[in-house]
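Below is one structure; the comments refer to it alone.
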Ligand SMILES: [Fe+2]
Ligand SMILES: [Fe+2]
């Protein structure tokens, strides 16, 4: 049986700044009609959960309202950005912010086994951080890899590992930084993931590097104008459907939901300030 994952991302939900709730609700209706085996939000679930508990609570209620099996991974707006990120508009991850996230969404890294596969979800913001939890996450990744057996590995993480190749040296807020990236890839040992799926950039893209499919999930909420962010792929809202076969075959595709507008963050200065 094909296992269908609906990857939503960058929902940026809030109760007092509910600019992107309508898009979430409409895409949620499409998800309910589609009935995937799992809805996985790859982070920036909330508009500003790094500062506002109520944004996290609201986002959780909206996801529970889907009535579908859900899993979550944190983004920089949910518990603060990586400590080695060059910009911290939302603050950096710390134990208080992380605990607040955990209280609403549960574990910030996890594995889920389905026929033929192990899904491994990682907290991107812990990479390159000095929190004790960063070491625990590393240990759990090593354990998940050591016990993988014959399963294929699918890696889910908020930020893309890189633009085109793993040896890039640029320090950006957009991709995992070079040192934590190298450590993460080392922790996988000889295991080559079948695919890596992320969010964060608010663009859909599929590329291949060293035999690995890298799928960027777009936002359900908004895109970032070309004046502020290069065009890497498709700047349209929607979600991504991943089809995983027990024999290891896999496909991913962008799903556009009719009637859901691609909003431009530049038109919502009250969200994060003027673009
Ligand atoms: Fe985002
Ligand atoms: Fe993000």
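Only the coordinates and a few stated rules stand behind these numbers; no lab work does. What you see is a predicted model, and the numbers here were worked out from it, not measured in a lab. Positions of Cβ are generated from backbone atoms using ideal geometry, with glycine treated the same way; all protein chains shown enter the neighbour counts.
Given the options 77, 104, name the one that is within 16 Å of ligand 1 (Cβ to nearest atom), surrounded by 14 or more Cβ atoms within 10 Å (Cβ to Cβ) and farther than 20 Å from residue 195 by Cβ.
77
Tell me yes or no: at least one residue of the stretch 131-154 is in contact (Cβ under 8 Å) with a residue 40 or more places away in the chain and within 16 Å of ligand 2 (Cβ to nearest atom).
Taking every residue of the stretch 131-154 in turn, none turns out to be in contact (Cβ under 8 Å) with a residue 40 or more places away in the chain and within 16 Å of ligand 2 (Cβ to nearest atom).
Output the qualifying pairs, or none if there are none: Cβ atoms under 8 angstrom, residues six or more apart or on different chains, first residue in the stretch 62-85 and under 11 Å from residue 97 (Cα atoms) and free of Cβ contacts under 8 Å to residues at least 60 places away in the same chain, second residue in a loop (DSSP other than H, G, I, E, B) and more than 16 Å from ligand 1 (Cβ to nearest atom).
79/108; 80/94
Starting from the stretch 6-17, keep only residues that are on the phi > 0 side of the Ramachandran plot, then list their pairs with residues that are within 14 Å of ligand 1 (Cβ to nearest atom) and part of a strand (DSSP E or B) whose Cβ atoms are within a distance under 9 Å, requiring at least 6 positions of separation or different chains.
Filtered contacts from the stretch 6-17: 10/41; 10/222; 12/46; 12/222.
Looking at 215, 179 in this structure, which one is in contact with a strand residue (DSSP E or B) (Cβ under 6 Å, 6 or more places away or on another chain) and either surrounded by 17 or more Cβ atoms within 10 Å (Cβ to Cβ) or over 19 Å from residue 39 (Cβ atoms) (or both)? Break it down stepwise before answering.
Details: 179 fails: in contact with a strand residue (DSSP E or B) (Cβ under 6 Å, 6 or more places away or on another chain).
Just a single option satisfies the conditions, and that option is 215.
Could you look through the stretch 86-100, keep only residues that are more than 15 Å from residue 134 (Cα to Cα) and surrounded by 14 or more Cβ atoms within 10 Å (Cβ to Cβ), and pick out the one that is farthest from ligand 2 (Cβ to nearest atom)?
Filtering the stretch 86-100 for residues more than 15 Å from residue 134 (Cα to Cα) gives 86-91, 100.
Filter once more, keeping what is surrounded by 14 or more Cβ atoms within 10 Å (Cβ to Cβ): 88, 90-91, 100.
Values: 88: 12, 90: 9, 91: 13, 100: 17 Å.
Top of the filtered list is 100.
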